[in-house]
Each structure stands twice: as C-alpha cells, then as structure tokens.
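This report refers to the structure that appears directly beneath it.
The values are calculated or read from the model by the stated rules, or taken from the named source; none is laboratory data. Worth saying up front: this structure is predicted, and the values here are computed from it rather than measured. Cβ atoms come from the backbone with ideal geometry, glycine included; neighbour counts cover every protein chain shown. With ligands, DNA and RNA removed, areas are computed over all heavy atoms of the protein, side chains included. Shrake-Rupley method; radii C 1.70, N 1.55, O 1.52, S 1.80 Å.
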Amino acid sequence: MKRRSRRIDTDLAVIGTGIAGFAASLFACRRGLEVAQFGHSGAMAYTTGYLDLLGVQDGRVLDDPWDGLGALRRETPEHPLARLPDETIRTAFGLFTEALTEMGLGYTAPGERNLRALLPNGLVKSTLSVPQTMLPGCEALAQRARTLVLDFDGLQGFSARAFEANLAERWPGLSSARLTFPGMEDRQVFPEVMARALETRQTREALVDLIRPQLDGAEYVGLPAILGMQAPDRIRTEMEAALGATLFEIPTIPPAVPGIRLREGFERTMPERGVTLDPVLKVSRVRFGAAGATLTLHGAMEDIEVEARAVLLATGRFLSGGLRADRTQVSETLLGLPIRQTESRNDWYRKDYFDPAGHPVNRLGIEVDASFRPVDAAGDPVQDTLFSAGAILAHQDWVRQRCGAGLAIASAYAAVDSAAAHLTPEGQPPDRSVRSDR
Amino acid sequence: MNVRVHETEVLIIGAGATGSGIMRDLALRGIHCLLIDRRDLNAGASGGNHGLLHSGGRYATADAETAAECRREGEILKRLAPECIDDCGGLFVAVEGDDPDFAARFPEHCRVAGIPCEALTPAEAREREPALPETVFAAYTVPDATIDPFRIVLENVGQAQQANGSRYLPHTGVEGFDIEDGEIVRTRCRDHRCGDPVEIRARQVVNASGAWAEKVARLAGCTDVTLLCSKGTLLISNARVTNGVVNRLRPPDDGDILVPGGTVSLLGTSSVTVEDPDDIRPTIAEVDRILAEGAAMLPILNETRFVRAFSGVRPLLRAPGSESDGRKANRGFALFDHEDQGLTNFVTVAGGKFTTFRLMAEKAGDLVARRLGNSEPCKTALVPLPSGDALRWTDPGAAARDWYRRADPTDMILCECEMVARSAVDTILAEAPGAEDHMSLRAIALRSRIGKGACQGAFCALRVMAHLYDRGVYDGPDGLRQARDFVEGRFRGVRPVLWGAQMPQAELAEILHCGLAGMDLAAAEDEGRTG
Ligand SMILES: Cc1cc2nc3c(=O)[nH]c(=O)nc-3n(C[C@H](O)[C@H](O)[C@H](O)COP(=O)(O)OP(=O)(O)OC[C@H]3O[C@@H](n4cnc5c(N)ncnc54)[C@H](O)[C@@H]3O)c2cc1C
Ligand SMILES: Cc1cc2nc3c(=O)[nH]c(=O)nc-3n(C[C@H](O)[C@H](O)[C@H](O)COP(=O)(O)OP(=O)(O)OC[C@H]3O[C@@H](n4cnc5c(N)ncnc54)[C@H](O)[C@@H]3O)c2cc1C
C-alpha cells in the first residue's frame with residue numbers, strides 16, 4: 001500500500017501526552033491558540049489519580065503546600081515550581097481540576113491544605129486534589145469512621161486485609177472483607193475489566209447485593225478503584241443510594257483505573273475543544289526554521305509533517321522516553337538539548353535506595369529560562385520558539401517531593417503563557433472560539 | 001531473658017554449599033544435625049557465584065590437582081542432580097591480543113588433568129557460539145556445565161530433613177563458644193530477627209562459614225585458620241547470550257567467563273582482596289571493567305541489557321603471593337581438626353569451590369562420623385538428590401513452564417517477569433527448607449525467582465506482600481518493613497547497571513515504591529523513631 005502524507009499547520013505543537021502535555025493543550029486552547037498534540041499516553045494510566053502539588057519538603061510531610069513552596073523558593077530557587085508565584089500555580093491547578101470535572105471526572109478544587117489521602121497498603125499521602133470518588137476515604141480516615149474495606153478474589157496487589165492490618169492501630173473502626181466480583185468467579189480479575197463491567201446496571205446491583213450483608217453498621221465502604229470508567233461519580237452516587245453507605249475508591253497498583261479515566265477523558269475531550277490530537281504517535285524529528293518548526297511523524301499508514309509556529313516539549317523522563325541514559329551520560333532524545341551532567345555515573349544514584357536526599361539523576365533534565373524556554377550552557381534560549389514543561393525539567397524530584405501533577409500543570413501553564421506572548425505579541429490572542437469547521 | 005536451647009548431635013555453622021552439603025552427608029549416615037546461618041541459605045559465596053560447574057579447564061594450567069578434582073566432582077553431580085544442572089558444555093577461546101603460546105599449551109594441560117578437550121577451528125567455534133567475534137584465533141571445547149546453586153542447596157537441606165529429621169535454622173548467628181576440658185559444650189548464638197539469645201548443645205561442631213571461617217574459628221580460640229577474602233563481582237543479563245559457557249583462554253583476569261543460567265547469562269568476574277567479608281557490594285568501576293573485558297571476547301555484550309550485578313566473597317586458603325592477587329591463592333580446600341589447638345569436637349572446612357562442595361562435605365563428614373563412633377560410609381556420591389515440589393522454584397523458567405502446564409485460571413501470577421504464581425509462593429511458605437511463620441519477602445525470593453526479572457521487584461514486591469497479608473503471614477506493619485528491606489537490598493545490585501533500558505525500569509520502580517507505597521517516608525519515620 002502506498003503511504004499517504006499529510007500536512008498540519010498550527011500555532012503550537014505540543015509534544016507529549018502526559019499531564020504536562022494535556023495541561024498545555026488545555027491552556028493553549030483557552031488562550032485561543034491552534035494546537036496539535038502528539039505522544040503516547042501510556043504512562044498516564046500509571047498514576048494513582050491523586051494530583052500532588054507539594055507533599056514533601058526536605059523529607060518532611062507537608063500539611064500546607066503553599067508554605068512548602070515558600071521554603072522551596074528560599075532553598076532551591078531553580079526548582080520549576082519555585083520560579084512561579086503562588087497565584088499562577090493556584091490558577092493553573094484550579095483550571096485543570098475544573099476541566100477534569102467538566103470531563104465527567106469530578107476532582108476536588110485545590111485548597112489551602114493538603115489532603116491526607118489513602119494508599120493501597122494503608123499508608124497515607126499528602127496531596128492537593130483527589131477524585132471525588134476518593135474524597136470520602138480522606139474523611140473516613142480523619143473521623144476514624146466505621147469503615148469496611150473490600151477486595152476481590154483473584155485481584156492481585158490489593159489486599160484489604162493488608163490495608164486493615166496497617167491502619168488497625170490508628171483506626172479501630174476499620175474492618176475488611178473479600179468478595180467475589182459478580183460474573184468473575186474462579187479467575188484472575190483486573191481493575192480495568194471490573195470498572196467496565198460496573199458501567200452496566202445489573203453488575204452494579206449485583207455488587208451492591210454482595211456488599212450489603214457485609215456492612216454490619218459501617219458508614220463507609222472502601223473499594224479498589226473500579227467504579228466505572230466514564231462517569232464514576234454517577235456510578236458512585238447510584239450505588240451509595242442503593243447501599244445506604246458512603247462509598248470511596250482506593251488507588252491500586254498500575255495500570256489502574258483512575259489513570260485510564262484521565263487518559264480516556266483527555267483523548268475524548270481534547271478533540272472536542274479543537275485540538276488536533278494523535279495520542280499514539282511519537283514525533284521522530286523536529287527542525288527549526290525562521291518561522292517556527294517542522295515536526296516529522298511516521299504513522300502506520302501515513303507520514304505527517306507539522307508546521308508549527310511554536311513547540312512545547314513535554315516528553316517526560318526515562319519512562320516516557322524524553323530522556324535516555326547510556327553508560328556515560330544522560331541525554332534528551334528528540335532535540336539533543338543540553339543537559340548539565342553529574343561528574344560521572346557514580347553520582348547518579350546514592351548508595352541507599354531510600355536516602356532521604358533522593359537520587360541526583362532525578363534532578364537532571366532540561367534547564368529553562370524564566371519563559372520556560374530550554375537554554376544552552378551559556379543560559380541563552382536554544383530557540384525562541386521552543387518551550388518546555390513537566391517532568392523533563394531539571395532541578396526537581398517529583399517522585400520524592402510528591403509534586404508530579406503540580407509541576408506538570410503549573411509549568412505547562414507558564415510555558416503556554418510565554419508561547420502565547422511570543423505568538424501574539426500585541427497581547428490580543430486571535431479569536432478562534434467560534435471555529436466549528438474541525 | 002528468654003534463652004532458647006537446641007540440642008543435636010552435630011551443629012553445622014554456615015548454610016552455604018559446604019554446610020548444607022555436610023548436613024546431607026551426615027544425615028545420610030544417620031547422624032542428626034542442626035544447620036544454622038546468621039542470615040539464610042546461600043547468604044555468602046554460595047549465593048554470589050558464577051554457577052559454573054567447572055570442568056577443571058580454568059585451573060588446568062595452574063593447578064592440575066584442583067582441576068582434576070573439579071572434573072571428578074562435576075561428573076558426580078551431573079549424575080546425581082541433573083535437575084540442577086545444565087550440561088551445556090563450554091569453550092575456551094583466545095581472541096586477537098591474547099597470548100598464542102598460552103593458548104597452544106592448553107590442550108596438554110587438560111590432558112594431564114584428565115579433562116576431555118577438543119580443538120575447534122575459529123569457524124567451528126563461531127558456528128557453535130555465533131556471538132563470538134571474527135578475532136577468535138584458538139578455541140577448545142571442555143565439558144563445562146552450569147549449576148543452579150540455590151536449588152542444589154535447597155535439595156541438600158531437603159534431603160537431610162527427610163532422611164532423619166535434621167533441622168535448619170535461619171537468621172541464627174554464632175557469637176561465642178563455651179569450652180570446658182577441650183570441648184565446646186555450648187554454642188552461643190543470637191536470633192537476628194528478634195534479638196533473643198539461642199543456645200545450642202552439640203557433640204560435634206562444624207564450622208563451614210566460608211569467608212567468615214577464620215572469624216568463627218577465632219571465637220573458639222583457634223588461630224590455625226587463615227583465609228584470604230577475595231571479592232568477586234558478576235553481571236546478570238536480561239536474556240541468555242550464549243548457548244554454553246565461554247571462557248577466555250588466557251591467565252585468569254576480570255570479565256573473562258560468560259556462564260548461561262537458564263534464561264539469563266552471568267558475566268564475570270573480578271577479584272579484589274578485601275579485609276572484611278561483610279557489607280560488600282558491586283561498584284560501578286568493577287562493572288565497567290568487567291564489561292570492557294567481556295566485550296573484547298564477546299562484543300555483543302556492549303549492547304546487552306544487564307538487570308543486576310552482585311558480589312560474593314571467595315574463601316581462599318592463603319598461599320605465597322596470594323596477598324596481592326587472590327587469583328594466585330590455592331583453590332583447593334582444607335580440613336582443620338583443631339586438635340593441636342586443644343579442641344576435640346570442633347572442625348573447620350574452608351576454601352574450595354562450589355563444584356567441590358560434596359567432596360569437602362565428605363571429608364568433613366568422615367572426620368565427624370569417626371569422632372562420633374559412626375561407621376556408616378559416605379553415601380553422597382551414590383544417592384541421588386531429591387527434587388521436591390518446594391525446591392524447584394529457583395530455576396529460571398520453571399515457574400513459567402509449570403504455570404502454562406497447569407493452566408489454572410484461579411492461580412494468579414504474582415511476579416510477571418518470572419511468571420511466579422501464587423501457588424508457588426504458597427508451596428514455599430508451606431514446605432520449603434527454612435519456611436517459618438513470618439517468612440520474609442527476602443526469604444521467599446531466595447527460594448524462587450521473585451524479584452530477579454527485568455523489573456527487579458518494582459511490581460512483585462508489592463504483589464507478593466499483599467498476598468502474604470492475605471495468607472495471614474503478617475498482621476501488622478512488619479510486612480511493609482520487610483518489603484522495604486527487600487527492595488533496598490535489590491537496589492544494591494541494580495544501582496551499578498543503571499543505564500539504557502534499565503533506567504525506565506528504575507524510574508518506574510521508584511515511583512511505585514515511593515509514590516504508591518510510601519516506602520521512603522516510612523523508612524525516614526522508622527529511622528527517626530529508633531534515633
Ligand atoms: C506510576 C506513576 C504514578 C504517578 N502518580 C502520581 C501521583 O500520585 N500524583 C501526581 O501528582 N502525579 C502522579 N504521576 C504523574 C506525574 O505527575 C506525571 O507523570 C509527571 O508530572 C510527569 O508528567 P509529564 O507530562 O511531564 O510527563 P509524562 O507523563 O512522562 O509524559 C510524557 C509524554 O511524552 C511522550 N513522548 C515522549 N517522547 C515523545 C516523542 N518523541 N514524541 C511524542 N511524544 C513523546 C510520552 O509518550 C508521554 O505521553 C504518576 C506518574 C506515574 C508514571
Ligand atoms: C564471584 C564468585 C564466583 C564464583 N564462581 C564459582 C563458580 O563458578 N564455580 C564454583 O565452583 N565456585 C565458584 N565460586 C566459589 C564458591 O562460590 C565458593 O567456594 C563456595 O560457594 C563456598 O561455599 P561455602 O558454603 O564454603 O561458603 P559460603 O557460601 O560463603 O557460606 C558461609 C555461610 O556462613 C554464614 N555465616 C558466616 N558467619 C556466621 C556466623 N557467625 N554464624 C552463622 N553463620 C555464619 C554466612 O551467612 C554464609 O551463608 C565463586 C565465588 C565467588 C565469590
């Protein structure tokens with residue numbers, strides 16, 4: 001078969017379909033920019049569903065992330081979050097959770113304090129925003145309410161008994177039980193499959209019938225995250241009404257439902273917002289010219305060339321392929337952007353895995369200027385039209401600091417701001433809100 | 001204080017190949033033993049070696065006696081424990097830059113030691129091992145094989161338990177001996193898990209503590225054991241690189257042997273004299289050097305994905321010149337009866353090779369049996385080893401084969417890289433040697449392939465832990481601590497091979513261990529609590 005070729009013209013090309021990439025597309029649409037976005041949104045299915053802003057600072061668990069940001073600005077001013085004012089971060093985060101809620105995935109609005117959210121092994125995590133389906137878990141824990149946690153025959157990696165065993169001392173009202181998921185007897189069961197099964201009314205009713213006799217006065221019932229894919233809040237409300245107890249979800253080992261919901265939600269709604277999206281296609285090459293850049297992509301059936309007036313790079317780290325390491329150095333894969341190296345591979349990781357200082361390799365990444373443009377060794381922008389956001393940025397350790405989503409969202413917002421300013425220097429974005437031809 | 005007391009005819013200290021071999025030897029003579037280890041089975045060199053069942057070729061040039069010993073013992077083990085052995089054969093190859101004279105003398109040395117050896121043309125060698133480079137100029141076949149060091153040790157212990165109820169006790173370390181009238185009357189130990197003292201009364205005490213044998217002998221006041229501790233490091237690849245063993249045909253040096261181990265390959269080794277056999281770990285410098293040397297023989301190693309490195313300490317007998325170069329030390333073994341040290345019921349056996357463990361056990365067994373007035377002959381060269389259900393999960397590939405064969409839809413896979421099913425873990429919990437009430441994740445991993453695949457414990461640590469809670473093995477935060485311990489331990493070996501395709505794995509592992517399981521914060525909290 002002959003390969004087709006296609007050309008796309010756009011204001012902004014977003015490379016990456018992680019949280020940073022989708023946040024960037026979202027913000028760019030709001031600014032009236034034309035957006036084309038590419039990537040492979042696999043890694044997103046790995047998230048717990050919690051959106052962290054800053055949960056840990058210097059090994060200390062934070063109640064007040066805003067306070068933590070203040071300390072971050074004093075101690076590591078080069079941290080991408082430290083370079084942004086609270087207001088920007090708050091606005092970006094709020095817009096993002098609003099967009100998720102509009103998508104049908106209710107999220108709590110970012111507040112003044114971190115929430116204490118549950119982890120599958122019964123430990124807790126400090127995070128800023130959680131899916132509405134998980135919020136009652138925070139409340140139940142805070143009130144030590146009478147709570148029943150359930151798991152399922154054949155579900156691996158999630159043990160209600162482990163959850164209970166690890167919380168029992170602090171939470172006497174907690175109990176656990178195991179059920180057989182309706183219609184999935186005698187087999188291994190997967191959260192994604194259970195979630196899709198719960199999209200049908202009969203399965204929901206059958207599950208509620210199984211839970212009811214176990215209740216024994218429990219006000220809250222915790223389940224692994226399986227309450228449907230597209231409309232978890234509706235499913236939860238309906239099941240709660242039938243059960244007479246408050247339901248909540250607990251994250252599970254990936255690939256997990258909350259991440260798949262985010263992925264599917266974005267893939268469904270971004271095109272509706274006017275974004276040209278291909279979420280299963282990587283960019284192979286980017287060439288910069290006078291008026292922007294040309295991206296080359298090779299699809300299964302066609303070659304695509306994208307002419308973009310600006311590019312936003314949000315390709316993530318090693319797991320997503322934005323960075324690569326050989327035995328001597330770390331490099332950026334798509335553009336060969338400069339990365340300030342450690343002296344040798346010996347300095348990448350500390351001797352002890354859980355050293356509270358974290359591993360230096362996790363802080364290697366792309367250096368950017370105040371406009372979130374990647375810079376060279378001299379500190380000058382590599383290209384006027386290239387911006388970057390998310391985990392690929394240097395000077396942060398999002399895993400240890402519990403700042404993944406916050407970093408992705410806030411840096412995307414700032415990078416889009418700069419890109420928009422560059423593309424529409426007069427300050428007035430072109431009005432494209434009424435385009436209906438796409 | 002709560003002192004636990006055990007009584008037995010023979011106490012054996014050190015549960016490596018040698019100690020477990022002695023346990024089997026004595027039990028088959030009808031003598032009751034108690035085998036202890038301060039950690040667990042194969043915690044020393046027996047769990048940190050190359051897995052090469054030497055044909056003797058490696059020693060043919062320098063030490064014909066050791067070479068012949070290896071050949072004879074190799075033949076016995078191939079007959080009695082075929083399930084632990086891959087009789088894959090081996091090659092000795094010289095590549096451009098290696099000394100042609102050294103290579104040319106090799107067949108004659110093999111002949112003297114009685115090792116079958118056949119010359120191949122470079123083309124024949126490359127047909128047999130396509131990964132060999134064009135620069136090969138000499139090649140010889142030898143009957144090298146590989147051995148699963150975990151399985152055979154489990155089988156030693158399993159057979160002894162079955163034969164006469166001899167017992168194995170993990171995490172029990174010797175701290176001192178009470179001696180009266182030239183006899184050890186009591187061995188003072190500590191249970192390293194709970195800190196409780198343990199006391200063992202035995203008629204005979206055997207010190208088979210490998211690189212620690214000198215220390216242990218000194219605890220009994222014996223100064224006759226002097227060892228050289230030689231650390232060696234090995235790299236494990238993600239997939240099997242060659243069909244058989246490939247040795248570099250030159251005087252032993254770093255990175256000159258590649259040994260297949262089921263579905264993987266092991267490249268090594270280095271030899272660094274260390275003062276203290278404790279707290280050793282592979283370093284990046286060693287890994288890079290081994291790889292550079294190995295790639296000269298097999299260039300494909302430059303592109304090979306390595307998932308882990310590990311180190312072991314060879315217990316070598318001191319010999320002239322060996323201080324500066326462990327490779328010059330005697331590879332033979334020695335039996336110390338300690339009678340000139342004034343003790344009549346203490347034996348130390350040290351040195352040797354994994355390959356010769358049975359012979360070492362036979363010699364020690366003969367002495368101990370004679371002292372006990374037992375006249376049963378050694379049976380270990382005649383009685384096959386057992387291959388029980390709880391003993392077979394260390395073999396790469398065994399778990400997967402078993403799972404596919406049974407095709408039981410309710411038996412879920414806990415470790416996806418190595419296909420270890422829930423039922424395998426349950427069998428180990430129920431009946432593997434050393435199984436106990438609160439079995440740690442580390443202990444289960446030792447008896448299976450859990451945590452040994454490409455993900456190096458990213459997922460399986462969490463899954464197996466959840467399962468252990470389900471089985472009631474844990475009922476408090478202890479399980480989380482054990483899981484943390486396990487992944488911390490894995491990291492030592494993972495760290496030096498982190499580049500290329502292992503970087504995304506490591507990143508994902510850290511996200512799961514910290515972000516999803518909160519292990520970093522729990523670790524910090526625990527440390528704060530204990531000051
Ligand atoms: C296991 C896991 C658990 C997580 N848990 C949490 C959590 O509890 N709380 C929280 O706040 N956040 C969590 N996160 C999410 C985390 O916030 C984000 O992953 C992080 O912020 C990085 O986002 P990112 O968009 O910069 O990068 P990524 O999410 O890594 O996305 C990078 C994207 O770039 C694409 N890409 C790479 N190369 C190319 C190319 N050449 N062409 C096109 N596309 C390319 C990739 O396909 C991918 O889509 C979790 C993530 C993971 C993986
Ligand atoms: C890198 C390397 C590669 C090797 N490759 C090969 C090979 O390919 N083929 C081969 O044949 N040989 C090989 N060897 C040699 C072989 O591994 C060893 O000779 C053999 O395993 C020694 O076994 P052992 O039982 O005597 O000692 P170990 O296996 O070291 O056992 C000693 C045990 O004693 C325990 N112990 C120590 N102190 C105490 C105490 N106070 N109380 C209780 N227990 C204690 C330790 O925990 C340990 O488990 C290699 C060795 C190394 C280091």
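Before moving on, here are some points about what is shown:
- Heavy atoms of residue B:363: accessible area, 1.4 Å probe, square angstrom to 10: 90
- Region B:14-61: C-alpha gyration tensor shape, a/c 1.5 cut-off, then a/b vs b/c: oblate
- Restricting the calculation to alpha carbons of region A:189-315 gives Rg and Dmax of 21.4, 70 angstrom.
- At least 10 Å² accessible surface lost relative to isolated chain, residues of region A:94-136 (1.4 Å probe): A:119, A:120, A:121, A:123, A:125
- Sum of side-chain charges, residue A:246 neighbourhood, beta-carbon under 12 Å (Lys, Arg +1; Asp, Glu -1): -2
- Shielding of A:342-353 by partner chains, average beta-carbon count, 10 Å: 5
- All-pairs alpha carbon distance profile, region B:389-530, 5 Å steps from 0, percent: 2, 10, 20, 22, 21, 14, 9, 3, 1, 0
- Taking every residue in B:469-475 and counting other chain Cβ atoms within 10 Å of its Cβ, the average works out to 5.
- Counting only other chain Cβ atoms within 10 Å of each residue's Cβ, the peptide A:162-174 averages 3.
- For chain A, the mean residue ellipticity at 222 nm estimated from helices alone is -9000 deg cm²/dmol, where every DSSP H run of n ≥ 4 contributes -39500 (n - 2.57) and the total is divided by all residues, rounded to the nearest 500.
- Counted charge near residue B:410, where neighbours are those whose Cβ lies closer than 10 Å (Asp, Glu -1; Lys, Arg +1): -3
- For the protein assembly as shown, the gyration tensor built on C-alpha atoms gives a prolate shape. Its axis ratio a/c (a ≥ b ≥ c) is at least 1.5, and a/b is the larger of a/b and b/c.
- Filtered GluC sites (Glu not before Pro), region A:304-343: DSSP coil and at most 13 other beta carbons within 10 Å: A:343
- For residue B:23, solvent-accessible area (1.4 Å; no DNA, RNA or ligand), Å²: 0
- Of the accessible area of chain B, computed with a 1.4 Å probe over protein heavy atoms only, carbon and sulfur atoms account for 49 percent.
- Mean Cα-pair separation over length for chain A, i.e. relative contact order, pairs under 8 Å, 6 or more apart, %: 24
- C-alpha center-to-center spacing [region A:261-306, region A:103-153] in angstrom: 35
- Value of [θ]222 nm, deg cm²/dmol, for chain B, DSSP H segments ≥ 4, -39500 (n - 2.57) each, nearest 500: -10500 deg cm²/dmol
- Accessible area per residue was computed with a 1.4 Å probe on protein heavy atoms; residue B:410 scores about 50 Å².
- Carbon and sulfur %, accessible surface of region A:135-250 computed with the full protein complex present, 1.4 Å: 46
- Within straight-line cross-link reach of residue B:78, lysines at Cα separation under 18 Å, skipping those fewer than 8 residues along the same chain: B:353, B:379
- Cα point-scatterer Debye curve for region A:244-381, base-10 log of I(q)/I(0) at q = 0.10, 0.14, 0.15, 0.18 Å⁻¹: -0.53, -0.94, -1.04, -1.25
- Quarter of Cα convex hull surface for region A:135-250, i.e. mean projection, nm²: 6.5
- Shape category assigned to region B:53-110 from the gyration tensor of Cα positions, a/c cut at 1.5: oblate
- Burial ranking of peptide ranges B:232-242, A:75-85 (average Cβ count within 10 Å, highest at the top): B:232-242, A:75-85
- Between region B:492-507 and region B:333-372, the alpha-carbon centres lie 42 Å apart.
- Residues A:262, A:210 ordered from highest to lowest accessible area at a 1.4 Å probe: A:210, A:262.
- Positive dipole terminus of the protein assembly as shown, leading residue within B:52, B:85, A:269 (C-beta point charges): A:269
- Normalised Debye scattering of region B:19-142 at q = 0.11, 0.12, 0.22 Å⁻¹ gives log10 I(q)/I(0) of -0.52, -0.60, -1.30, counting only Cα atoms as equal scatterers and leaving out solvent.
- For region A:302-330, a decrease in accessible area of 30 Å² or greater in the assembled protein chains relative to the isolated chain, with a 1.4 Å probe, applies to A:318, A:319, A:325, A:327.
- Ranking by accessible area, most exposed first, for B:203, B:318 with a 1.4 Å probe: B:203, B:318
- Total accessible area lost when A and B pair, probe 1.4 Å, Å² to nearest 100: 4700
- Heavy-atom accessible surface of chain B, averaged per residue, reaches 36 Å², computed with a 1.4 Å probe.
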